[in-house]
Amino acid sequence: MAKCISCGKSGLFVRLDSSGYCAKCSRYFREIEEKKRLEEEKKRQLEEERKKEESRLRKIYESTLVNIDSLQIINMDLVRKSKEKFIAIDLETTGLSPVFDKIIQLSVTIFNDGKVYDSFSTYVNPGMHISDAASRVNHITDSMVLDAPSEKEAIKKIIQYLGNSAFQGHELFVSHNVDFDMQFLKNALKRSGINAHLICFDTLFASRKIIGQQIKSKKLSSVADFLGIKYTDLHDAAVDSALSGEIFIKLIELAKIKLNEKYSAMTQLEYDTCVWFKEMLDRKGCDTKLLCFNSTSYLTVYCYSAVLKFKPRAKKPYVIVSGRHPLPDGLNFSPCPKSEGDGFLRYHYNSVSELELIEDVLKDRYQRVYTSIIHDVESSNQMRTAADFIFEHITV
């Protein structure tokens, strides 16, 4: 005798479906399944719409967040100047989106003369739920930030602690994956009505360049282990900010060793050419923060892109200039071979004093390149490349 496995109805005339349900129960469960399917479909559509909206807003934010007036990668000149003082910073957040998520812990550690001088840390009430995924990483829950300062109050506290100069481009911020931290901070500052100018250094991308293939992972703990730095309780912003600062100090020392190796391989005329070129640009009021040199078969001047090529090691040292632009009269220029480009000329010199005769030509070339690339170099989509690039080359 047929019997429904759900309601227990039985009898000679009871008809069961393939799952063992009577007609009434079968209809009931089909309705539940259909309702569940519709809810899942609606949830999927909402998630797609949310992602599209987040992508749209991200593009809007990123077009204004990271630019020449807010965030920039620095070169070794500014690194040297920052030895006396820099600020290591780390954030914990409700999620990964700088547009939709918020800061829940903000920590800074001030370093003076290579040592920890002072630190400040605060939880932040984001006014929104902390996702389970975020809590599993940073171990911060909604209850922990319930009585914490609001975002606006936390921003006010950090500005009072660091001083306005830090947010006007006069102090160096150091972080591991600076793009992530600074976009969250920049958004928080904007929502608080503050238009800041931040100068930053990324230890993540610097470690990729300086340490290279010596370790596979370049995450904070792996880099710290490789450099012999001891730590406890990662994913606490106060610990991570101090650790980023320690890593920064070690990386700069390694970078100096690599640069010194390049310096020692240079001839005196190559070195003199580098020094003269930078001093000439400084004297003429040019921005040299992205100026650097690379000495291989040519001594190449870079402002992110290649600017000029010198050949101090040639029997008759020379610099290559364009023959398409006005050149001083009465000087000895000779055509370049095709390998160095059609329409280019060689200007021979035996000492940097002879370069002074064409310094306006060299300065104008540098300035044209600088003007054409500066906004691209310091935009968010070029930050990593710029960070990698700066450690391949000599700065003076």
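The values are calculated or read from the model by the stated rules, or taken from the named source; none is laboratory data. Quick caveat, the model's predicted, so the values are computed rather than measured. Cβ placement follows ideal geometry from the backbone for every residue including glycine, while neighbour counts extend to all protein chains displayed. Remember, those area values only see protein heavy atoms, side chains included, never the ligands or the DNA or RNA. Shrake-Rupley method; radii C 1.70, N 1.55, O 1.52, S 1.80 Å.
Provide the solvent-accessible area of LEU38, counting protein heavy atoms only and rolling a 1.4 Å probe, rounded to the nearest 10 Å².
Accessible surface of LEU38 is approximately 90 Å².
In nm, what is the difference between 0.36 nm times the number of residues separating GLU49 and MET128 and their Cα-Cα distance? Let's see the in-between values first.
On the way: separation 79, 0.36 × 79 = 28.44 nm, distance 2.00 nm.
Fully extending the segment from GLU49 to MET128 adds 26.4 nm.
If R₀ is 45 angstrom, what is the calculated FRET efficiency for the pair ARG324 and LEU254, using the beta carbon separation as r and rounding to 0.05? Before the final figure, lay out the partial values.
Numbers: r = 42 Å, r/R0 = 0.94.
Here the calculated transfer efficiency is 0.60.
Just to make sure I understand: if all protein chains stay in place, what is the order of SER339, SER351, SER107 by accessible area at 1.4 Å, largest first?
Correct descending sequence by accessible area is SER339, SER351, SER107.
Taking all protein chains in place and a 1.4 Å probe, what share, in percent, of the accessible surface of the stretch 100-173 do carbon and sulfur account for?
Working: 1950 of 3900 Å².
The value for the stretch 100-173 is 50 percent carbon and sulfur by accessible area.
Could you order HIS170, HIS197 so the one with the most accessible surface comes first? Probe is 1.4 Å.
I get HIS170, HIS197, largest accessible area first.
Want the number for GLU33 to GLU359: 0.36 nm per residue separation, take away the alpha-carbon distance, what's left?
Working: separation 326, 0.36 × 326 = 117.36 nm, distance 7.91 nm.
That pair, GLU33 and GLU359, stretches by 109.4 nm at full extension.
Taking a probe of 1.4 Å, how large is the accessible area per residue of the stretch 84-156, in Å²?
49
Given a 1.4 angstrom probe, what's the average accessible area per residue across the stretch 217-317, in square angstrom?
47
Which residues in the stretch 170-203 have a backbone N closer than 20 Å to a point placed 7 Å from the Cα of GLU84 along the Cα-to-Cβ line?
Once the point is set 7 Å along Cα→Cβ of GLU84, 170-174, 199-201 turn out to lie under 20 Å by backbone N, inside the stretch 170-203.
Over the stretch 110-192, what number does the Rg to Rh ratio reach, with both radii from the alpha-carbon atoms and Rh per Kirkwood?
Values: Rg = 14.2 Å, Rh = 14.5 Å.
The Rg/Rh ratio comes out at 0.98.
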